[in-house]
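The values are calculated or read from the model by the stated rules, or taken from the named source; none is laboratory data. Predicted model only: the values in this text are computed from it and were never measured. Ideal geometry is used to build each Cβ from the backbone, glycine not excepted, and the neighbour counts take in all protein chains shown. Surface accessibility is based on the protein's heavy atoms, side chains included, excluding ligands, DNA and RNA. Shrake-Rupley method; radii C 1.70, N 1.55, O 1.52, S 1.80 Å.
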Amino acid sequence: MASTSEGANTESSSSETQQKGFGVFMNYVSNNKTETAQWFSRLFSIFCAIMYLFPIYGQAVSFGFYQRAIIAHGLTSALRLHQRMPAFQFNRIYLGMLLVEDSCHNLFYSLIFANSYPFTMVLTPVFLLALLHSSNFTKKAITMIGSSFLNPIKALTEKLINKQVDILRFIAMNEILLMPCLIFMGFTGRMSIVVPIIYIRFLTFRYQSRRNPYCRQLFYQMRVATEHYCQRPGTNPAVKTFLQKCIAMISRFAPNETTATG
C-alpha cells in the first residue's frame, strides 16, 4: 500500500515536472493569442516610454517613441475591450456598458493624446498601466517555463502586483492633476485648447468606472480636504470663494452616484 502511494506520488511529481518548460508556454501562447498580443503591445509601450524618457537618439526620434507608446496603449485597450464586451449591438444599453469599461476609457485617452504635444505626465499612466498589467502575464509565463534563471524577474513582478492598489491610486492622481496642466498648456499655446475640453469628458468616464474606483475616491478626498480648508477661520475670503466655485464647477461634471457605482 505504501509502495503504491509512493508510486502515485512519483507519477504526480513527474507529471508536474513535465508540465513546465518552454514548450508548455508556447502551447499556452498559441491557445491565448489575444492575451499574448496584449502582453507584447504592453511591453512595446514600456520600451517606447523608456526610449522617450532617455532620448539617446535625439529629440525628433524621441517624439516618435512618445507617439508609438500611446498608440500601442490604444491597441492594448482595443484588444482588451474586444475581450470584455459582448457582440456589438446598436442600442443604448450596449453604449452604456461600453462607456463604463476601463479599456474604453484608455482607448479614448490614447485618441486624445496620440498627436498632441509630448508631455511626460501624459505618458506616466500609459507606462505604469503597461508595467502593471504585463506583470501578471510575465509571472504566469515564468511559472510555466519553470527556469530558476528567471526567478529575479518573477520576484520583481510579484512586488509590482502586490503594489497594485498604490500604483492605481498614483495613476488616478496623475490623471486628475493632468487637467490643470492641460489648461495651462492650452493657454500657453503648447496644447490645443480643445484637448482639455475633451479630457474633461475622459475624467467623467473615469468617475463612472465600475472596476476602477480610485479616481472617484480621490475626487471625494480632495473635495473633503478643500471644504475643510475653506471652513477654517483664517482662510482668505477670495481664496475661499475661488475654491468653492471650483468645487461647484467640478461637481457639475460628476455623474450621479447611482450611475457611478452601478
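Working from Cα pairs under 8 Å separated by at least six residues, relative contact order for the range 103-262 is 23 percent.
Please find, in a Gaussian network model of the chain (springs between Cα atoms separated by less than 10 Å), the residue of GLY96, GLY21, GLY74 whose mean-square fluctuation is greatest. In this elastic network of the chain, the residue with the biggest mean-square fluctuation among GLY96, GLY21, GLY74 is GLY96.
So for the pair LYS159, GLN67, with labels modelled 7 Å out along Cα→Cβ, what separation do we get in nm? About 3.6 nm, to one decimal.
Given a 1.4 Å probe and the protein chains as shown, TYR117 ends up with an accessible area of around 100 Å². Using the Kirkwood formula on the Cα atoms of the range 163-217, what hydrodynamic radius do you get, in angstrom to one decimal? The answer is 11.9 Å.
Note on the range 15-142: with charges restricted to the Cβ of Lys and Arg (+1) and Asp and Glu (-1), its dipole about the Cα centre is near 120 debye. Taken about its Cα centre, the chain carries a charge dipole of about 800 debye when Lys and Arg each add +1 at the Cβ and Asp and Glu each add -1 at the Cβ.
Rolling a 1.4 Å probe across all protein chains gives MET191 an accessible area of roughly 10 Å².
Using a ≥ b ≥ c from the Cα gyration tensor of the range 117-180 (square roots of the eigenvalues), is it rounded, prolate or oblate, where a/c under 1.5 gives rounded and otherwise the larger of a/b and b/c decides, a/b for prolate? Since a/c reaches 1.5 and a/b is larger than b/c, the shape of the range 117-180 is classed as prolate. A 1.4 Å probe run over the protein chains yields, for the chain, 60 Å² of accessible area per residue, whole-number rounding.
The residue list PHE187, ALA172, ILE153 was ranked by how far each Cα lies along the charge dipole of the range 152-195 toward its positive end, using unit charges on Cβ atoms, and ILE153 comes out on top. The structure shown yields percent of Cα pairs over 31 Å apart, and of the options (1) 21; (2) 45; (3) 40 that calculated value carries the label (3).
Based on DSSP H segments of at least four residues, each scored -39500 (n - 2.57), the chain has a per-residue ellipticity at 222 nm of -26500 deg cm²/dmol. Couplings 3J(HN,Hα) for the range 41-47, derived from phi with the Karplus relation 6.51 cos²θ - 1.76 cosθ + 1.60 (θ = phi - 60°), are 5, 5, 4, 5, 4, 4, 4 Hz, where x marks Gly and Pro. Compactness of the range 49-105, taken as the C-alpha radius of gyration over 2.2 N^0.38 Å, stands at 1.60. I'd like the orientation of helix 237-253 relative to the chain: the angle between its Cα long axis and the longest Cα principal axis, in ° from 0 to 90, rounded to 10. Here the helix axis deviates by roughly 50 degrees.
Of the residues HIS228, HIS133, the one with the largest accessible area comes first in the ranking HIS228, HIS133, computed with a 1.4 Å probe on protein heavy atoms. Expressed in Å, the radius of gyration and Dmax of the Cα atoms of the range 81-162 are 17.3, 52.
Ranking of ILE198, ILE71 by solvent-accessible surface, largest first: ILE71, ILE198 (1.4 Å probe, protein heavy atoms only, all chains present). Computed from phi, the 3J(HN,Hα) profile of the range 171-181 under the Karplus parametrisation 6.51, -1.76, 1.60 (θ = phi - 60°) reads 4, 4, 5, 4, 5, 6, 5, 5, 4, x, 5 Hz, with x in place of Gly and Pro.
Restricting the calculation to alpha carbons of the range 110-262 gives Rg and Dmax of 19.5, 65 angstrom.
Mean-square fluctuations from a GNM of the chain, with a 10 angstrom spring cutoff on Cα atoms, peak among ALA78, ALA87, ALA141 at ALA87.
The range 117-172 and the range 20-67 have their alpha-carbon centroids 12 Å apart.
I want to verify a result. In a Gaussian network model of the chain, Cα cutoff 10 Å, which of these has the top mean-square fluctuation: ARG92, ARG211, ARG80? Of ARG92, ARG211, ARG80, the Gaussian network model singles out ARG92 as fluctuating most.
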